[in-house]
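J.: Sharing a structure below in structure tokens format, with a few things to ask.
The values are calculated or read from the model by the stated rules, or taken from the named source; none is laboratory data. These numbers come from a predicted model, not from an experiment. Because the Cβ atoms are built from the backbone with ideal geometry, glycine has one as well, and the counts that use them run over all protein chains shown.
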Amino acid sequence: MSLPPERSLIIPPLGSLYTSLAPLSELLLRLVAGGFLMIHGIPKFSNLEGVQGMVESLGFYPGTVWAPLLASTETIAGLLIAIGLFTRPAAFAAMIVLLVTVYFHWIFKAEGFAGAEKSLIWAAVMLFLVAHGAGRYSIDANRGKEF
């Protein structure tokens, strides 16, 4: 990945460093985002009744459908993002979940920006992955096909 001609660096020799770090930074972002999403989703399976109550309090009925769907989306999307397989649709699904958590914290719990800040950051990370894909070091890249 090289810089477009209209963009020039103040310190041109750093261009090769940035070019070599770009794919590694995409890999790190995917591993952290996917891994943390899985860590957040897996425990929901052991407390589905609690998750059912939470999703129903937000208006998602029946909770018996939405709670396992939430846990599955976070866990499976996290795994897919981490390994770089079907990254764009997985990141899109996770982004939708995270935007709901923005609503939950900002509006429902009336915590405003302070409560929703982490969810906003994570939703932005997911949007980045939707827009850019998995990057060079991924199963998607090795397959030569992406969504």
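J.: Return the residues of segment 55-71 that are β-branched (Val, Ile, Thr) and either closer than 18 Å to His40 by Cβ or in contact with a Phe, Trp or Tyr (Cβ under 9 Å, 6 or more places away or on another chain) (or both); say none if nothing qualifies. Please lay out each step first, then the result.
T.: Let us first name the residues in segment 55-71 that are β-branched (Val, Ile, Thr), namely 55, 64-65.
Selection gives Val55 alone.
J.: For segment 40-53, state whether one or more residues are free of Cβ contacts under 8 Å to residues at least 24 places away in the same chain and either of a type in the set (A, V, I, L, M, F, W, C) or not in a helix (DSSP H, G or I) (or both).
T.: Yes; the residues of segment 40-53 include at least one that is free of Cβ contacts under 8 Å to residues at least 24 places away in the same chain and either of a type in the set (A, V, I, L, M, F, W, C) or not in a helix (DSSP H, G or I) (or both).
J.: Within segment 127-147, restricting attention to residues that are assigned to a helix (DSSP H, G or I) and charged (D, E, K, R), which residue is nearest to the chain's Cα centre (by Cα)?
T.: So in segment 127-147, the residues assigned to a helix (DSSP H, G or I) come out as 127-132, 139-143.
This time we only want the ones that are charged (D, E, K, R), so: 140, 143.
On the way: Asp140: 16, Arg143: 21 Å.
Per the criteria, the residue is Asp140.
J.: Which of the residues spanning segment 93-133 are in contact (Cβ under 8 Å) with a residue 24 or more places away in the chain, among the aromatic types (Phe, Trp, Tyr) and surrounded by fewer than 17 Cβ atoms within 10 Å (Cβ to Cβ)? If you could, list the steps in order and put the result at the bottom.
T.: Initial filter on segment 93-133 (in contact (Cβ under 8 Å) with a residue 24 or more places away in the chain): 94-95, 97-100, 103-104, 108, 122-123, 125-130, 132-133.
Among the residues that remain, those that are also among the aromatic types (Phe, Trp, Tyr) are: 103-104, 108, 122, 128.
Passing the criteria: Tyr103, Phe108, Phe128.
J.: Could you grab the pairs with beta carbons closer than 6 Å, sequence gap of 6+ or different chains, first residue in segment 74-90 and more than 12 Å from Ser138 (Cα to Cα), second one among the polar types (S, T, N, Q) and surrounded by fewer than 19 Cβ atoms within 10 Å (Cβ to Cβ)?
T.: none
J.: (1) among the basic types (Lys, Arg); (2) modelled with pLDDT of 95 or more; (3) surrounded by fewer than 16 Cβ atoms within 10 Å (Cβ to Cβ): which one isn't true of Lys145, the others all being true?
T.: Exception for Lys145: condition (2).
J.: If only one of Ala71, Ala22 is surrounded by 12 or more Cβ atoms within 10 Å (Cβ to Cβ), out of contact with any strand residue (DSSP E or B) (no Cβ under 7 Å at 6 or more places or on another chain) and within 21 Å of Arg136 (Cβ to Cβ), which one is it?
T.: Values: Ala71 fails: within 21 Å of Arg136 (Cβ to Cβ).
Only one candidate qualifies: Ala22.
J.: Considering each of Ala71, Ala93, Ala124 in turn, give the residue that is within 15 Å of the chain's Cα centre (by Cα), among the small types (Gly, Ala, Ser) and farther than 30 Å from Leu21 by Cα.
T.: Working: Ala93 fails: farther than 30 Å from Leu21 by Cα; Ala124 fails: farther than 30 Å from Leu21 by Cα.
That would be Ala71, the only listed residue that is within 15 Å of the chain's Cα centre (by Cα), among the small types (Gly, Ala, Ser) and farther than 30 Å from Leu21 by Cα.
J.: Here's a follow-up. Looking only at residues that are modelled with pLDDT of 95 or more and part of a helix (DSSP H, G or I) in segment 57-68, which one is surrounded by the most Cβ atoms within 10 Å (Cβ to Cβ)?
T.: Result: Ala67.
J.: Among the candidates Gly15, Gly34, single out the residue that is in a helix (DSSP H, G or I) and modelled with pLDDT under 95.
T.: Working: Gly34 fails: modelled with pLDDT under 95.
Just a single option satisfies the conditions, and that option is Gly15.
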